[in-house]
Amino acid sequence: MFLALALIAVVPAGVFAQAQRFRPPPKFAGIGKPDQSEGRAVLQAFRQQGIAGTYWLAFELRVMPRKGAERTVAGQLLGTRSDGGPVSRLTMPGEHGAASEQRWLIQSGAQPAAWSWQSGAAAPLVLTGADSFRSVSGTDLTLFDLQMPFLYWEDFVYEGLAKIRGRPAHSFVLYPPAGQAAQRSQLTGVRVALDTQFGALVQAELLGPNGKPEKSITILGLKKVGEQWLVREIDLRNAVTRDKTRFIVKSAALNLQLPADTFAASALAREAPVIPSAAIQPL
């Protein structure tokens, strides 16, 4: 008995917190448990997809709070793929509006990372995992929403085929690894739906301590530019505050040739390369 108490005294409290952490149960779409190897193959195939080459998007964030006036924030996103997975460079107005800028470099994939820079700073800052959950420019958009690290979590259950927004989709519930769980204790899992036809993300729900959605990311529409399908609109809904932000892509440029260091953290202090107007297509 004494030995058991002594062992408890030397084991970090976080170990017990992790062991007691709520695990949202899967909601199987049909009778029985779907083939998990099939689900893994679907998820692995999705991880390899994305916009081909280097691209640029101009977008608006339409902020629609439950109370208060609506507003619109404009931004730009450069994206490509690195050895670690998708990487993007985000530019938004800073705290002083058009007179200043804030920039982020966002590495997605199995080892997510992020850096930020704002007008007047000497060098970019390395962000923590907890920083990724902070609001971008006072909207419901976060770096976590852009990174989508949950798509690479290895602990998941394939729930089978379900209908989301009237379309058949592969449904998964994914569970955060210990490091991610420590950064945001109330995040217990993410339920994801992948369209069976386009292989695109349809919806992601961030699940809270009781397993209920606290935030949803819903793809409202796609548009084909050349041979490439692009997301046109995304809704970000906060189930706690009931606020909403709509991400609307206004124009795009694909298959760009940009300097190799465009997606280096050290380059954040420099303005992004100018996109040739001839390459830009309205959506």
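Read the figures in this text as sums done on the coordinates, not as results from a lab. These numbers come from a predicted model, not from an experiment. We place every Cβ from the backbone using ideal geometry, glycine too, and count neighbours over all the protein chains shown.
If you take the beta carbon distance between L258 and R23 as r and set R0 to 35 Å, what does 1/(1 + (r/R0)^6) give as a FRET efficiency, to the nearest 0.05? The calculated FRET efficiency here is 0.25.
Going from the residue with the fewest nearby Cβ atoms within 10 Å to the one with the most, I219, I164 rank I164, I219.
Only lysines eight or more places from K33 in sequence, or on another chain, were considered; those with a Cα closer than 23 Å are K163, K212. Which of the following values of Kirkwood radius over Cα pairs in Å was calculated from the structure shown: (1) 20.4; (2) 19.0; (3) 22.0? Matching entry in (1) 20.4; (2) 19.0; (3) 22.0: (1).
One chain, two ends: V240 and K67. Fully extended at 0.36 nm per residue, the span grows by 61.0 nm beyond their Cα-Cα distance. Judged by the ratio a/c of the largest to the smallest principal axis of the C-alpha gyration tensor, the range 223-283 counts as oblate, that ratio being 1.5 or greater while a/b is no larger than b/c.
Sites listed here are GluC sites (Glu not before Pro) in the range 192-283 whose DSSP assignment is loop and whose Cβ has at most 13 other Cβ atoms within 10 Å: E227, E271. Here the Karplus curve 6.51 cos²θ - 1.76 cosθ + 1.60, taken at θ = phi - 60°, turns the phi angles of the range 212-221 into couplings of 8, x, 9, 7, 10, 10, 10, 7, 8, x Hz, with x standing for Gly and Pro. Dipole magnitude for the range 24-282: computed about the Cα centre from +1 point charges on Lys and Arg Cβ and -1 point charges on Asp and Glu Cβ, it is near 720 debye. Here the extension length gained between R270 and A121 equals 52.5 nm, from 0.36 nm per residue of separation less the Cα-Cα distance.
Computed extension gain for S135 through L161, at 0.36 nm per residue and net of the alpha carbon distance, reaches 6.1 nm. Shape of the range 132-191 from the C-alpha gyration tensor: oblate (a/c of 1.5 or more and a/b not above b/c, with a ≥ b ≥ c the square roots of its eigenvalues).
The overall shape of the range 69-195, judged from the alpha-carbon gyration tensor, is prolate: a/c is not under 1.5, and a/b is greater than b/c. Here the peptides 197-204, 111-118, 70-77 are ranked by packing, the mean other Cβ count within 10 Å, and the order with the highest first is 111-118, 197-204, 70-77. Distant-in-sequence amide contacts of K250, defined by a placed amide H-H separation under 5 Å and a gap of 5 or more residues or a different chain, comprise A58, F59, E60.
Working note: Karplus 6.51/-1.76/1.60 with θ = phi - 60° gives the range 127-132 the couplings 9, 8, x, 5, 4, 5 Hz, where Gly and Pro are set to x.
Sorting S266, S216, S37, S108 from the fewest to the most surrounding beta carbons within 10 angstrom yields S37, S266, S216, S108. Choose one answer from P24, P34, P149: the residue with the largest mean-square fluctuation in a GNM of the chain with alpha-carbon springs under 10 Å. Highest fluctuation of the listed residues: P34.
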